[in-house]
1. Over the chain, what is the relative contact order in percent, taking alpha-carbon pairs closer than 8 angstrom and at least six residues apart?
2. I want to make sure I understand the PRE zone here: with the label point 7 angstrom from the Cα of Glu177 toward its beta carbon, which residues in segment 112-128 have backbone N atoms less than 11 Å away?
3. Under a crude label model (7 Å from the Cα following the beta-carbon direction), how far is Asp60 from Arg166 in nanometres?
4. Just to confirm my numbers, what's the Cα centroid distance between segment 22-58 and segment 104-174 in Å?
5. Please name which of Trp72, Gly88, His137 has its Cα lying farthest along the dipole of segment 46-186 towards the positive end, using unit charges on Cβ (Lys, Arg +1; Asp, Glu -1) and the Cα centre as origin.
6. Carbon and sulfur: what percent of the chain's accessible surface (1.4 Å probe)?
7. Determine ³J(HN,Hα), in whole Hz, for all residues of segment 58-67 in sequence, where each value follows from phi through the Karplus function 6.51 cos²θ - 1.76 cosθ + 1.60 and θ = phi - 60°; x replaces Gly and Pro.
8. If you place +1 on the Cβ of every Lys and Arg and -1 on the Cβ of every Asp and Glu, how big does the dipole about the Cα centre of segment 15-139 come out, in debye to the nearest 20?
Amino acid sequence: MSAPAYTPASTHAPASTHAPAPAAVTAADLLAFTLRIASDPELIASLPLDPEGRTWIRLDGPGGSEAWLIGWPPGTGTGWHDHAESRGAFTTARGRLTENSLAVRIPSEGWQSLSLAPDVDRTRSLGAGTGRAFGEHHVHEVLNESGTEHAISVHAYYPPLPLIRRYSRTGPVLTLEQVERPADWQ
């Protein structure tokens, strides 16, 4: 007779053997991390910059979060996207980034194209030392609108990114174009 394919958990273990569940990393925790990392001049200077495309270094974020140091050549951006069920934060370490976002909760599935209300657009300009946190399903695009200077930023996500959904936008119409998984960007 072979051994069972699993070992059942004991239902009679003393309470003292159960470690408390780790607290989830909050968006505020992620923002504090990105602000701290963005103020580290040695780390920021270590990022190789490419005049043609974005560059990045993966970092260890707090509590098992996923973090990145990203270089943005002049005129580059992410396009419209979300980070699925992950909350996040980012801080500009050098230069200035613009974030265009939607102040509306987008359904996580079951749609291909949505018509947005006229009052959902938000724009933020984030100079060096400025950051922002966001919750799950936050749809945005991040841009370096400078024509001459690189920008550098620090980003963190918890839980680590399960996927990124990419969108196109024509006026008020937002269309799901692609779903990327971690293997696509690591």
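The values are calculated or read from the model by the stated rules, or taken from the named source; none is laboratory data. Fair warning: this is a prediction, and the values are worked out from it, not measured in the lab. Note: ideal-geometry Cβ built from the backbone for every residue, glycine included; neighbour counts use all protein chains shown. Just the protein is used for accessible areas: all its heavy atoms, side chains included, with ligands, DNA and RNA removed. Shrake-Rupley method; radii C 1.70, N 1.55, O 1.52, S 1.80 Å.
1. Numbers: 416 pairs, mean separation 53.1, N = 186.
Reported as a whole number, the value is 29 percent.
2. none
3. So the label points at Asp60 and Arg166 sit 3.2 nm apart.
4. Centre-to-centre distance over Cα atoms comes out at 17 Å.
5. The listed residue farthest towards the positive side: Gly88.
6. Working: 5580 of 10220 Å².
On the chain, the fraction of accessible area on carbon and sulfur atoms equals 55 percent.
7. Working through the residues one at a time gives 7, 10, 8, x, x, x, x, 6, 9, 9 Hz.
8. Values: 10 positive and 14 negative charges, 60 e Å.
Value, rounded to 20: 280 debye.
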